[in-house]
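Structure record follows, encoded as structure tokens.
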């Protein structure tokens, strides 16, 4: 205890000194080390306690005189060794080697009779051990004597799952942090169990469970960048019941130069549990269709649109046209893609184009001048309650925008037009879903028309994990705020898919189309939203507060279905679908109205939109999309306000 306190006081005194004084101390320590290593090398070589005489004094003077210039030139007195890593100690080795070679050369030139040449090898080696040792001692004092005392109260205990390169790198990085105390590693490799890495033991999965309970560990870090998503999901699911906070390192492709730092640690999200291992893309198809071509993405700044842009950029089109009406979103995706181009040496020309897709003149100008070969139409209003509250604008943007893009593509000979659709278009109960089904019908009708070579196709899928306006970011913010987590109904279920997987399948589905098909993405099993909320609470290391656990951390509260919402979604209107070459892409052919008939309906719909006649808009959508089952009440905010003003006006008239 006395020695520990003494060492700590020495540490505090030394680390409190001014930088200039610290540099003088380490320089003085190196001079002493060089002199002592000379004496020790003589003693070892001659087999007795040495006392220098005659020319031997030259060697004592030569050693520090040669060492200092090499160490100063290498910048060894500017390095902060308590924070330095492997590179700092490599610099010490490099400077010592140059010093040793020069010393040996001088001894050979001077021919000092009482100085054996073997000392030219022995002394630099001994000096390297001493010089390196003093620097390692500084680091040891800081991390194992001073830091534990400073952080004994605040440190949280942590286990790292993965004893490989990434695990050892992040362990070293954690030593520089004052937040966590690393208790051990967990690894699946049986040969590593019971062994140590930097004095930290490696445990098996079974041993870690007892360790969690015995030491009250609440944090686990997954350090397996190359592990499959399936394996990571298994580990996350295993630990979820132990109420631990799980974090992870990103995949190998996301780590800069393979080096791991504290900033690489990120939260394990529900995406990691619901996501699947990707099916490899058809690279030959992508290369033949996209590489060297002009490709346009509408809604380029949105969740799906931006990921489409990133994946399309990887195939290196000649030009990538980014179309969006939201200035900030367009700026953000353009900057992101520019950085990717620089990082991966991609020569694709990026053109950010501010444009409302319902603007016929602007769309015509873009397609006429830039001549895109493929258009991915992702621009749409997608938030069900918001579109329900702004019905006319939702239909105008979604339906008129799709019609405008499709007709511009026809006029300018675009090869492929791919509509990003939604499962809410199947037997819709809301205006957003009905408008997206009508968008599908526009492309189906145009595909059946003769006299053109444009291939129209639609890709329909469910919710994407973490997209803007989706339930997951909402739950995340509610959990962070301490709850309650709000769900609409205990029986609500939804399909979920990760954004990258959805974008990959959209690109591939659009390229295998022959025209008029509706492609359905295999979304896996439906997920109960209440289970989703429960898993997200558990992943945060918290518990749900309910009747069985009144002392829990987060309450889950039902607030009722919102206007236009369904308990569950579907992907297929009819009864059958057929397989494609990709097991996660299915194809269906569904009923639609001829183009001439749709044109007549559009005229009436346009008139109703211009006057914000929501009741007529709903009736027209019902007539065009027979499966649409609208709610009887009007929830459009302006329509409600207009009706209220009309009632007040009538009341005022009756009073007069």
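Going residue by residue through the stretch 590-601, is there one that turns out to be touching a strand residue (DSSP E or B) at 6+ places or on another chain (Cβ under 6 Å) and either surrounded by 15 or more Cβ atoms within 10 Å (Cβ to Cβ) or modelled with pLDDT of 90 or more (or both)?
yes
Name the residue, out of 552, 516, that is touching a helix residue (DSSP H, G or I) at 6+ places or on another chain (Cβ under 9 Å), part of a loop (DSSP other than H, G, I, E, B) and not assigned by TED's automatic domain parsing to the domain that holds residue 584.
Working: 516 fails: not assigned by TED's automatic domain parsing to the domain that holds residue 584.
Just a single option satisfies the conditions, and that option is 552.
For the stretch 375-387: of the residues being buried (at least 24 other Cβ atoms within 10 Å of the Cβ) and more than 25 Å from the chain's Cα centre (by Cα), which is modelled with the highest pLDDT?
375
Only one of 533, 502, 509 is in contact with a strand residue (DSSP E or B) (Cβ under 9 Å, 6 or more places away or on another chain), free of Cβ contacts under 8 Å to residues at least 60 places away in the same chain and buried (at least 20 other Cβ atoms within 10 Å of the Cβ). Can you tell me which?
Residue meeting the stated conditions: 533.
Of the residues in the stretch 305-321, how many are out of contact with any helix residue (DSSP H, G or I) (no Cβ under 6 Å at 6 or more places or on another chain) and either over 23 Å from residue 284 (Cα atoms) or touching a residue at least 60 places away in the same chain (Cβ under 8 Å) (or both)?
Adding up the residues that qualify gives 3.
Please tell me if residue 309 is farther than 20 Å from residue 415 by Cα, at pLDDT below 95, assigned by TED's automatic domain parsing to the domain that holds residue 439 and part of a helix (DSSP H, G or I).
It is false that residue 309 is farther than 20 Å from residue 415 by Cα, at pLDDT below 95, assigned by TED's automatic domain parsing to the domain that holds residue 439 and part of a helix (DSSP H, G or I).
Checking residue 330 against (1) farther than 22 Å from residue 456 by Cα; (2) touching a residue at least 60 places away in the same chain (Cβ under 8 Å), which single condition isn't satisfied?
Residue 330 satisfies every listed condition except (2).
Just a yes or no: is a residue in the stretch 71-79 modelled with pLDDT of 75 or more, assigned by TED's automatic domain parsing to the domain that holds residue 38, surrounded by fewer than 18 Cβ atoms within 10 Å (Cβ to Cβ) and in a helix (DSSP H, G or I)?
yes
Out of 438, 443, 419, 474, which single residue is within 29 Å of the chain's Cα centre (by Cα) and under 29 Å from residue 607 (Cβ atoms)?
419 is the lone residue from the list that is within 29 Å of the chain's Cα centre (by Cα) and under 29 Å from residue 607 (Cβ atoms).
Just for helices (runs of 4 or more DSSP H) wholly inside the stretch 149-245: which have at least 2 residues that are surrounded by 15 or more Cβ atoms within 10 Å (Cβ to Cβ) and modelled with pLDDT under 80?
165-175, 229-240
The values are calculated or read from the model by the stated rules, or taken from the named source; none is laboratory data. All figures in this text were calculated on a predicted structure; none of them were measured in a lab. Please note: Cβ atoms are built from the backbone with ideal geometry, for glycine as well, and neighbour counts cover all protein chains shown.
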